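Undergrad: Provided herewith is a single structure, encoded as structure tokens, for subsequent inquiry.
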Amino acid sequence: MTDLSWLIARPVAHRGFHDMNKTRWENTLPAFAAAAERGYAIECDVHISSDGVPVIIHDGELKRLTGEDGFVWQRTAAELTALKVGGTKDHVPTLQEALDLIDGRVPLVVELKGVPGHDKGLVASVGRLLKRYKGKVAIMSFDHWLIRDFAKDAPGIPGGLTAYGKDNQLIEAHFAMLAHNLAFTSYAAGDLPNPFVSFVREKLRMPVITWTVHDQPAVDLTFKYADQMTFEGFEPDLVKVA
């Protein structure tokens, strides 16, 4: 089993250490720099541009983050990196820019955002970049069709399932994904405990991180039923961890 102790050693800054999009916005280079300076691991979101370049942005639509109409998949990497985030001077970064900035100082967890019919090559392009990267890195996704490509297109990179829910149908779907050589799980803190998380932690000894933790109750749930938190909106080193 791959040693992923580094994944749970420190809190994971959700979309970097941003300030809830007041002046330092999510998924920007300043947010990643701020997380690395504090020693937090970093989670970021990646889509693929129309010319096959992994770019860091959460939404498939451009409006909320850039003020532009349209979708990420409609733009080239050059067009996307020319866009400013939240009216700041900071641009939509490529994954390579983030890797160069972080430079192995802290772990990076890359969430791949699928868009059916418009994400061809996403796993492979991310896999190529991360294979050359010297730092600690993992990939994950909500999207089962992307996870099915992890072993083929990103071999050797730990892959995880991002998940939520307590109802039987969702839990059964999560269990089905264990056939795809998962190395960890990122689970919604508010949906703990549940049979899937209990099984992967206790029977498979698989690390579980939670998302997205904003307050003390979610901190408490995380460290009762999981191993580490993905947080935003506060400084984890200043809160009580049971």
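Undergrad: On a 25 Å Cα-Cα criterion, which of the cross-link pairs LYS166/LYS224; LYS22/LYS84; LYS120/LYS152; LYS84/LYS134; LYS166/LYS203 come out too long?
TA: Violating the 25 Å limit, Cα to Cα: LYS84/LYS134.
Undergrad: If I stretch the segment between HIS214 and ALA78 completely, what's the gain in nm (0.36 nm per residue apart, minus their alpha carbon distance), one decimal?
TA: Length difference between fully extended and current span is 45.5 nm.
Undergrad: Now for a different question. Rounded to the nearest percent, how much of the accessible area of the chain (1.4 Å probe, protein heavy atoms only) is carbon and sulfur?
TA: 53 percent
Undergrad: How would you classify the stretch 1-134 from its alpha-carbon gyration tensor, with a ≥ b ≥ c the square roots of the eigenvalues: rounded for a/c under 1.5, else prolate if a/b is greater than b/c, otherwise oblate?
TA: Note, shape of the stretch 1-134 comes out oblate.
Undergrad: Ok, one more. Once a ≥ b ≥ c are taken as the square roots of the eigenvalues of the Cα gyration tensor of the stretch 119-242, is the result rounded (a/c under 1.5), prolate (a/b larger than b/c) or oblate (a/b not larger than b/c)?
TA: oblate
Undergrad: For the chain, what does the accessible surface come to per residue with a 1.4 Å probe? Please give it in Å².
TA: So the chain comes to 45 Å² accessible per residue, rounded to a whole number.
Undergrad: Which residues does the label zone of ASP103 cover in the stretch 43-60, counting backbone N under 20 Å from a point 7 Å along Cα→Cβ?
TA: Output list for this probe position: 43.
Undergrad: A further question on this structure: For an R0 of 22 angstrom, estimate the FRET efficiency from the Cβ-Cβ distance between SER50 and PHE142 and round to the nearest 0.05.
TA: Calculated transfer efficiency: 0.50.
The values are calculated or read from the model by the stated rules, or taken from the named source; none is laboratory data. Since this is a predicted model, take the numbers as computed values, not measurements. Cβ coordinates were reconstructed from backbone atoms using ideal geometry, including for glycine residues, and neighbour counts include every protein chain displayed. Only protein heavy atoms, including side chains, enter the accessible area calculation; ligands, DNA and RNA are left aside. Shrake-Rupley method; radii C 1.70, N 1.55, O 1.52, S 1.80 Å.
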